[in-house]
């Protein structure tokens, strides 16, 4: 890499890790599981050439391995879950293990003894060991596995992976309302959430819950298993320094299985709000929130081709303003209903503007669609493809401070945030020889977010200050108090669109007592971000002591509330703002010139060796190299003439 690359945006990161663990060989496969172990004879010596057949009973898919000179076998790219039947044979000896289940990204260590003597068969040996369900030796670094049975058993009102991930005690919820979680005290944006190996994170980094939508884009009822990674030193891991919440979706089997579900709650099922200003409890406005959906999976061709589909829809009008005018059922601020009525009437008479009201019901609608096909090509090859879409329409009623102890936002400034996310992911798992296997994964994710405003106007703020109107809460501020309407300043030209392509190739080579993993990954994130504030203009109308009014001059700081209101409304009627802002393009340009259109690329390569020193000791060493690059080039600014100053 030349010097110019280092001085620009492109960077190379090198990470190396060496670990000594007392465990079976483990690799974090992200979307699959694995089984490995040794086959020994009655004398405890390795059995070479034994046949190991690993059968997934529900789909009929099987994987056949042959033990090496040390009696080792390793099967990769297996379906998560089970039950599995593992049959080991050599000559006339045969050993069968039934009802084996695999966790996501787990390599199960299963050692088998063949040719047991009759004495051994008649002897029952009971052993026990202390193990922790959430802390085990089947992951690289620290982590937690959560299977489908646990997902069914645990409750989650939000029905999202973050709730279930908090089964790991190192994760904590830091903001209940926003669904924000922290891994070991870090910012929530350091976390990563992946499903089927595809990141479903908020692609722009604005949402504290890590998700691009109000609910997770794929239903929890479509999830088969979950893994929480912390401090993971597998070289295939990337994209987080907090926690990686990794999940894999369900697949169809040889039996038709499905479910229909419905979740409901309303204002009678939640607690009350506490109004600190008046020291009273207030009820939520009436609301209804429900989720309905179904799942269905089964065979297309028995033992060969399977399908799984899911549909889910969430509807809610639960989100609502917390603050309202004096006398309302919401937490009161120092703005009266009379002031609001006067603003509404003046806007209509002077400009024909419908300001809307300050109290309204939001409307949230989220629809999820998912379809997945699994194909058992043959005993050595397996593939799957999954497509999913999420559509959301969400009322935003002032998350940027429109409602507060000193401000109210009328419904003309509300907007519906329209979002659409389309994902496609295809995977191919191949066992080329008993010692060499590969995984290829390609995915594409399209994300689009555009506001649908309730009005097409400038942003307009009516500012009151000084004396408080009658009935104002005790201790209310006499500083600036705003009533906002029109088109919200940041929604006047705002479009976000990202297209993300990911490709991953990994190979695993078993060489004697070494398991060598190598490969690479590529990500290309194409970004279109149009974010312009105040292109329609932004007006503020307030009381100004230096101005003359039809009723004479006043001091806005000492005048009565009625006098301040009269001055503000007169300025509004006359079109005499206290301040005005507008964003326009540079001379000779257009607003389109300011749209961020660029591509961020990341290329990574990795190599890792797990050395099985003994049954109880592994040594893992590896490295990973990542390079970031972008085609973005800042607009050239011509150098300005240098000016000199002389002291006199």
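The values are calculated or read from the model by the stated rules, or taken from the named source; none is laboratory data. On a predicted model such as this, the values are computed, not experimentally measured, just so you know. Methodologically, a virtual Cβ is constructed for each residue, glycine included, from the backbone with ideal geometry; neighbour enumeration extends over all protein chains shown.
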From 348, 420, which residue is without any contact (Cβ under 8 Å) to a residue 40 or more places away in the chain and in a helix (DSSP H, G or I)? 348
Can you spot a residue in the stretch 609-625 that is in a strand (DSSP E or B), modelled with pLDDT of 90 or more and within 22 Å of residue 528 (Cα to Cα)? no
Residue 308 - would you say it is part of a strand (DSSP E or B) and loosely packed, with under 14 Cβ neighbours inside 10 Å? no
Qualifying residue in the stretch 269-289 (condition: at pLDDT 90 or above and either outside any strand (DSSP E or B) or not assigned by TED's automatic domain parsing to the domain that holds residue 61 (or both)): yes
If you go through 193, 223, the only one that is buried (at least 20 other Cβ atoms within 10 Å of the Cβ), under 21 Å from residue 506 (Cα atoms) and either modelled with pLDDT under 85 or in contact with a strand residue (DSSP E or B) (Cβ under 7 Å, 6 or more places away or on another chain) (or both) is 193
Within the stretch 513-520, is even one residue in contact (Cβ under 8 Å) with a residue 24 or more places away in the chain, surrounded by fewer than 17 Cβ atoms within 10 Å (Cβ to Cβ), out of contact with any helix residue (DSSP H, G or I) (no Cβ under 7 Å at 6 or more places or on another chain) and over 30 Å from residue 602 (Cα atoms)? yes
Could you say whether any residue in the stretch 308-325 is touching a helix residue (DSSP H, G or I) at 6+ places or on another chain (Cβ under 6 Å) and at pLDDT below 95? yes
Out of all the residues in the stretch 249-287, which are within 26 Å of residue 316 (Cα to Cα) and in contact with a helix residue (DSSP H, G or I) (Cβ under 8 Å, 6 or more places away or on another chain)? 249, 259, 261, 283, 284, 285, 286, 287
Being surrounded by 18 or more Cβ atoms within 10 Å (Cβ to Cβ), assigned to a loop (DSSP other than H, G, I, E, B), under 13 Å from the mean Cα position of the chain (by Cα) and in contact (Cβ under 8 Å) with a residue 24 or more places away in the chain, is that true of even one residue in the stretch 170-183? yes
Can residue 188 be described as within 9 Å of the chain's Cα centre (by Cα), at pLDDT 80 or above and surrounded by fewer than 23 Cβ atoms within 10 Å (Cβ to Cβ)? no
Out of 357, 362, I need the residue that is more than 19 Å from residue 405 (Cβ to Cβ), out of contact with any strand residue (DSSP E or B) (no Cβ under 8 Å at 6 or more places or on another chain) and not in a helix (DSSP H, G or I). Which one? 357
When the stretch 301-343 is checked residue by residue, the ones that are more than 30 Å from residue 384 (Cα to Cα) and free of Cβ contacts under 8 Å to residues at least 24 places away in the same chain are 337, 341
Looking only at the stretch 508-520, and only at residues there that are more than 11 Å from residue 435 (Cβ to Cβ) and in a strand (DSSP E or B), the one that is nearest to the chain's Cα centre (by Cα): 520
Within the stretch 197-213, residues being more than 20 Å from residue 171 (Cα to Cα) and either touching a helix residue (DSSP H, G or I) at 6+ places or on another chain (Cβ under 7 Å) or in a loop (DSSP other than H, G, I, E, B) (or both) number 6
In the set 81, 91, which member is over 19 Å from residue 610 (Cα atoms) and surrounded by fewer than 18 Cβ atoms within 10 Å (Cβ to Cβ)? 91
The stretch 431-460 - residue that is part of a strand (DSSP E or B) and under 22 Å from residue 363 (Cβ atoms) and, of those, nearest to the chain's Cα centre (by Cα): 447
Of the residues that make up the stretch 421-437, is at least one farther than 30 Å from residue 375 by Cβ and in contact with a strand residue (DSSP E or B) (Cβ under 8 Å, 6 or more places away or on another chain)? no
Expected single match for loosely packed, with under 14 Cβ neighbours inside 10 Å and under 30 Å from residue 491 (Cβ atoms) among 537, 589, 594, 552 is 589
